[in-house]
Every structure is written in structure tokens, then in C-alpha cells.
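Undergrad: Below you'll find the structure I mean.
The values are calculated or read from the model by the stated rules, or taken from the named source; none is laboratory data. If you're wondering where the values come from, they're calculated on a predicted model, not measured in any experiment. Reconstructed Cβ throughout: ideal geometry from the backbone, glycine too, with neighbour counts over all protein chains shown.
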Amino acid sequence: MLALDKLFKHHKNRRVAVVLALLGTVTPIAGLHKLYLGQPIWGIIYLVLWSTPIPRIASAIDAVWYVVQDLEQFERQFNGHSQYNLNTSPQVKAIAEAMRELDKLREDGLVTEYEFEQKRRQLLDRMA
């Protein structure tokens, strides 16, 4: 079971998915793109129906969809996150960490709500 989780948890590349889907339109091995994207049931269905034109048509539709789909939407759907969240600037990360520490101090009662709000606003002003 751990091996299957590892197999489907890799970062999925949209170009690879498009190439595999297009490959499925011209070869009888349709469904590889579904397996690559972590949708094994759909991949198996495509492979089982290989003798019909259905998987080839569906692969062509999938290829077009992956091309026209917004990259952020693809990342969210198949990788579980947005690309923009991965490339967060060091300044934003530092401010987020400072906010977490400040919130912890507030929860522990070491700073008042007023002090927390003042410092929070200062940190957010740095981002602007």
C-alpha cells in the first residue's frame, strides 16, 4: 500500500500528461495519462476498452482539456496545491513565521490582544 501511495504522490507535469494523452489517441495503449495523474481506476477502464474507439476519443478530449486548462487549476487538481504557493518569496515566508510566533505568544498570554494587533499590522504593512 505504501508503494502505491508513493507512486501516485509524485509531482505531475502537465506536458507529460498531454503527451501521454496524445499517445493514447494514436496507439492502443490509451489510459497511461490517467495512471500517471493518479487516477488508476480510469486508467484501467481506458485499457479495458482499448478495442473500442471510446478511449482514443476520451484521450484526445483529455489532451485538449489539459492544454486549455489553467496551470494553477491543473496544479490544484492533480498535485493538491497551487504552483504559486510553492514559489512563495522568502519575505512572505519570514512574515508568515513571525505571525505564527506572535499568535503563539498571544495564546500563551505573553502579549495582549492590543499588542498582538499592533504587531500584526506592522508585519502586514511590511508586505505591502
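A quick yes/no check of all residues on (1) closer than 15 Å to PHE78 by Cα; (2) of a type outside the set (A, V, I, L, M, F, W, C); (3) out of contact with any Ser or Thr (no Cβ under 6 Å at 6 or more places or on another chain):
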{"site": "ASN13", "(1), (2), (3)": "yes, yes, yes"}
{"site": "VAL16", "(1), (2), (3)": "yes, no, yes"}
{"site": "ILE29", "(1), (2), (3)": "no, no, yes"}
{"site": "HIS33", "(1), (2), (3)": "yes, yes, yes"}
{"site": "TYR36", "(1), (2), (3)": "yes, yes, yes"}
{"site": "PRO40", "(1), (2), (3)": "yes, yes, yes"}
{"site": "LEU47", "(1), (2), (3)": "no, no, yes"}
{"site": "THR52", "(1), (2), (3)": "no, yes, yes"}
{"site": "ARG56", "(1), (2), (3)": "no, yes, no"}
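Undergrad: Name the single residue, out of those in the range 21-50 being part of a loop (DSSP other than H, G, I, E, B), small (Gly, Ala, Ser) and within 22 Å of GLY80 (Cα to Cα), that is farthest from the chain's Cα centre (by Cα).
TA: Across the range 21-50, the extreme among qualifying residues is GLY31.
Undergrad: Looking only at the range 102-112, decide whether some residue is free of Cβ contacts under 8 Å to residues at least 12 places away in the same chain, assigned by TED's automatic domain parsing to the domain that holds LEU123 and either among the hydroxyl-bearing types (Ser, Thr, Tyr) or touching a His at 6+ places or on another chain (Cβ under 9 Å) (or both).
TA: Yes, the range 102-112 has at least one match.
Undergrad: Kindly list, by first and then second residue, each pair from a residue in the range 41-53 that is in the same structural domain as PRO28 (by TED's automatic domain parsing) to a residue that is surrounded by 17 or more Cβ atoms within 10 Å (Cβ to Cβ) and assigned to a loop (DSSP other than H, G, I, E, B), limited to pairs with Cβ atoms under 6 Å and residues at least 6 apart or on different chains.
TA: As it stands, the answer is GLY43/GLY31; TYR46/ALA30; TYR46/GLY31; LEU47/GLY31, since those pairs meet every condition given.
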